[in-house]
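Chemist: Sharing a structure here in structure tokens format.
A short reminder: the numbers here are calculations on the coordinates, not readings from a lab. Remember, it's a predicted structure, so these values are computed and weren't measured experimentally. Ideal geometry is used to build each Cβ from the backbone, glycine not excepted, and the neighbour counts take in all protein chains shown.
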Amino acid sequence: MNPFTYSRPTDVPAAVQDVATHAEAKFIAGGTNLLDLMKENVMKPHHLVDISRLALNKIEENGKGGLRLGALVTNAATAYHPEVEKRYPLLSKAILAGASPQLRNMATDGGNLLQRTRCYYFYDVATPCNKREPGSGCSAIKGYNRIHAILGASEQCIATHPSDMCIALAALNATVLVTSKRGDRSIPFAEFHRLPGDTPQLDNTLEPDEIITAIDLPEKGFAENHTYLKIRDRASYAFALVSVAAALELEGNTIREARIALGGVAHKPWRNEAAEASLAGKPATKENFQQVAGMIISGAKGYEHNQFKIELAKRAIVRALSQAAKLI
Amino acid sequence: MSNTVQEKTTLAAQPLAEPLPVHLRINGEDHRLQLRPWVSLLDALREYIGYTGTKKGCDHGQCGACTVLVDGVRINACMTLAVMRDGQEITTIEGLANGDKLHPLQAAFVEHDAFQCGYCTPGQICSAVGLIKEGRAKTRDDIRELMSGNICRCGAYTNIVDAIESVTGGTI
């Protein structure tokens, strides 16, 4: 780990001031990803601004019928919060599908959004990686790419976003609230993370001097009909090869609204709203779910070692929707 | 850095060479240390204070050997900076027994032969203490899932689950 200086501001204005005044400064909260990357010399901040004690640690009503998750609420406290369990069980289940109890006790909701990819080459500083060192090349495209993207990748980067929580937040149409010295801003979840394109070093649209203060959940939580399906190499404590957050609003057997977000397949939680809209008004049947799965996966491109993900994702979508509709 | 920022922070940025004051309460005893900011809680415990019961396995939050309780909550001591835990209450494996009387989980691990080499055991036991306090494990499968952050390369998992279940009685 490189040497760095440390500060622990006591309020949000001081924290954004602190991160703006120090060169190469980063916020640290749970630290579960940042410290890991620092130990591997993948990230080398010169200064850490410890925000872990700021008063952003509450879950409250947001005045719009939904809940506001403070950025510093831990993943565990969020997943086990009675109102989250009752109104957003999809979110609870997605969080509990990720990491370990110890990590969930440390990791924060804001930090979860900022997790970096688990691409082996991003972690290995001896290999080229456009995300870690722009312009150096992508080792994964012609390397061992079993865990990599099948949707939305670029010639520069085929990394995936590793979060489970974010897949549920994408399906729920959450909003990310951020602030900086320039003022407050709210970012729709779909616009928070980005595709790699020619600038894979940028995981998201947050500016370096901005801090996440909260995540807003809309009123609609799909508590009746939802599934978080995670497919991984072992039964617990592994990143997703493919995951699906499926949420349905049903009237009888007729679909009013469908949300389908995929994890483990792209640089961001993957949604295809046109495909989702095609389910509206149709009966909840396996055939219709197979059709929508085909639409979502139609543009998928596999690499040498991850071709299997294309069929896997298709089947996972059908199974997740079938579970959400209680067909199986 | 401006003076205004200095005033607003409780602990302003220090020059690289300057260690920071860190106060940890470990197993009921106060420890006042001077640590550089990059010292993990795990290294502070083992290298600076001498509590070597907490083990370093992977040092990346993947194996759970370093599990301790901070303010009663189980975390990976390798994935947190000691300076970030200033003022907090840390419980390690050394703090669980009451004098010569083993903690019920320690006794259960002995009773059920829940280890071979024993390297992961302090982390397993501290993790199980946290698990019981969280009150979420109702079945053996729950125990397995909620102990998944603790790896045992000897493969003593069945006996570990037995040991934990014997303490919870299956009704936590």
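Chemist: Through the Karplus equation 6.51 cos²θ - 1.76 cosθ + 1.60, θ set to phi - 60°, convert the phi angles of segment B:112-119 into ³J(HN,Hα) values in whole Hz; use x for Gly and Pro.
Modeler: 9, 6, 8, 6, 10, 6, x, 5
Chemist: Give me the percent of Cα-Cα pairs in segment B:104-168 that sit more than 21 Å apart, rounded to a whole number.
Modeler: Considering segment B:104-168, 9 percent of its Cα-Cα pairs are separated by more than 21 Å.
Chemist: Taking θ as phi - 60°, what are the ³J(HN,Hα) couplings along segment A:28-44 by the Karplus curve (6.51, -1.76, 1.60), each to the nearest whole Hz, with x for Gly and Pro?
Modeler: Each residue of segment A:28-44 in turn: 10, 10, x, x, 5, 9, 4, 5, 4, 5, 5, 5, 8, 6, 7, 10, 9 Hz.
Chemist: Let me ask another. Nearest 0.05, what FRET efficiency do B:Q34 and B:E111 give at R0 = 30 Å with Cβ-Cβ as r?
Modeler: Plugging the Cβ-Cβ distance into 1/(1 + (r/R0)^6) gives 0.10.
Chemist: What ranking do B:58-68, B:158-168 get when scored by the average of other Cβ atoms within 10 Å per residue, highest first?
Modeler: Working: B:58-68: 24.0, B:158-168: 20.2.
Ranking the peptides B:58-68, B:158-168 by packing returns B:58-68, B:158-168.
Chemist: First obtain the Kirkwood hydrodynamic radius of the protein assembly as shown from its Cα pairs, then insert it into the Stokes-Einstein equation at 37 °C and 0.692 mPa s, and state the resulting D in µm² per second as a whole number.
Modeler: Rounded, D is 138 µm²/s.
Chemist: So which of A:K58/A:K93; A:K230/B:K55; A:K220/A:K301; A:K93/A:K131 end up more than 25 Å apart, counting from Cα to Cα?
Modeler: Working: A:K58/A:K93 20 Å; A:K230/B:K55 31 Å; A:K220/A:K301 33 Å; A:K93/A:K131 30 Å.
Correct reply: A:K230/B:K55; A:K220/A:K301; A:K93/A:K131.
Chemist: Please report, to two decimal places, log10 I(q)/I(0) for segment A:1-130 at q = 0.14, 0.18, 0.21 Å⁻¹ as given by the Debye formula with identical point scatterers on the Cα atoms and no solvent.
Modeler: Result of the Debye calculation: -0.72, -1.04, -1.22.
Chemist: May I pose another question? Based on the Cα coordinates of segment A:242-328, what is the per residue volume of their convex hull in Å³? Working shown, then result.
Modeler: Values: hull volume 6.8 nm³, N = 87.
Once divided by residue count, the hull of segment A:242-328 is 78 Å³.
Chemist: Using the Kirkwood formula over every pair of different C-alpha atoms, what hydrodynamic radius in Å results for segment B:17-95?
Modeler: One over the average 1/r among Cα pairs gives 12.2 Å for segment B:17-95.
Chemist: Now a separate question. In 5 Å bins starting at 0, how do the alpha-carbon pair distances of segment A:184-328 split up by percent?
Modeler: Distribution as computed: 2, 9, 17, 20, 18, 16, 11, 6, 2, 0 percent.
Chemist: Amide H to amide H, which residues 5 or more places from B:S40 or on other chains are under 5 Å from it, using H placed in the peptide plane?
Modeler: Sorted by chain and number, the residues that satisfy this are B:A82.
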